[in-house]
Amino acid sequence: MEPNLKLMLDEGDFVDDPDTYRRLVGKLIYLTITRPDISYAVSIVSQFMTNPRVPHMNAVIHILKYLKNAPGCGLFYRSSGHLRIEGYTDADWTGSPSDRKSTTGYCTFIGGNLVTWRSKKQSVVARSSAEAEYRAMAHTTCELTWLRTVLQEFGLLTQGPTPLCCDNQAAIHIAMKLKDIITPFVPSGSQLADIFTKALPKNAIDFICSKLGVIDIYSPA
């Protein structure tokens, strides 16, 4: 999606064939299993399944064009020699123009490889950016705790506290007493979860995709 694009529920004409819109979005949702870079855009267009309008369909077409430009993109997993867990969390405060709800985004890694990620609108309206970020941290903490439990059951958990990287100092101070989770500050330019909370320019997308392990098998070596 284009940066600063805000889709509304009631702007534009209704599409002639809403079933086509729903089928396309359904296929895109399935594709996010291997294309985390479209998770945010797909989460936005999936909010208009009931009464899709022309701007919503245009956004779907934009996603399809983006995918067509790099059909060989996907996740690549490397052997790193360790199984350390780490996570990144972010929130876009009041990012939804229709109801002023924020968007939670996070991604988690095991051994330097991306294993889980999510882009989802929060269920309540946050009254500050710190509250929105803290809610996102809470969701990511649950994910990291689950990953720690899985590795522990297999006898593979060898690390100490798991880092959960956040770019909001206020939320970090609130969450300082988390057990088994440490919350280091990461600059916004290095926040990998940004791609799950907002539309970014191409250079930022390319940088984050390289860190997430999304590569194009058809690109020149």
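Coordinate-derived values only; no laboratory data. Values in this document were obtained by computation on a predicted structure and should not be read as measured data. Cβ: placed from backbone, ideal geometry, glycine included. Neighbour counts: every protein chain shown.
Summary of computed values
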{"read-out": "Charge tally in the Cβ shell below 11 Å around residue 117, where Lys, Arg are +1 and Asp, Glu are -1, residue 117 excluded", "value": "+1"}
{"read-out": "Projected-area average for the chain over all orientations - Cα convex hull basis, square nanometres", "value": "13.1 nm²"}
{"read-out": "15 Å beta-carbon shell around residue 3, net charge (K/R +1, D/E -1)", "value": "-2"}
{"read-out": "Theoretical FRET efficiency, 1/(1+(r/R0)^6), r = Cβ-Cβ of residue 54 and residue 170, R0 41 Å, to 0.05", "value": "0.55"}
{"read-out": "Taking the C-alpha atoms of segment 18-69, convex hull volume expressed per residue in Å³", "value": "65 Å³"}
{"read-out": "Sequence-distant lysines (8 or more away, or on other chains) whose Cα lies within less than 24 Å of residue 27", "value": "6, 65, 68, 120, 121, 198, 202"}
{"read-out": "For segment 1-130, projected area of the alpha-carbon convex hull averaged over all directions, nm²", "value": "9.2 nm²"}
{"read-out": "Per-q log10 I(q)/I(0), segment 153-221, q = 0.17, 0.24 Å⁻¹ (Debye; single scatterer per alpha-carbon; no solvent)", "value": "-0.81, -1.05"}
{"read-out": "For segment 85-216, radius of gyration divided by Kirkwood radius, i.e. Rg to Rh on alpha-carbons", "value": "0.97"}
{"read-out": "Among 45, 214, 24 the positive-end extreme of the charge dipole of the chain (Cβ point charges)", "value": "214"}
{"read-out": "Cβ-based net charge around residue 74, under 12 Å, with every Lys or Arg adding one and every Asp or Glu removing one", "value": "-1"}
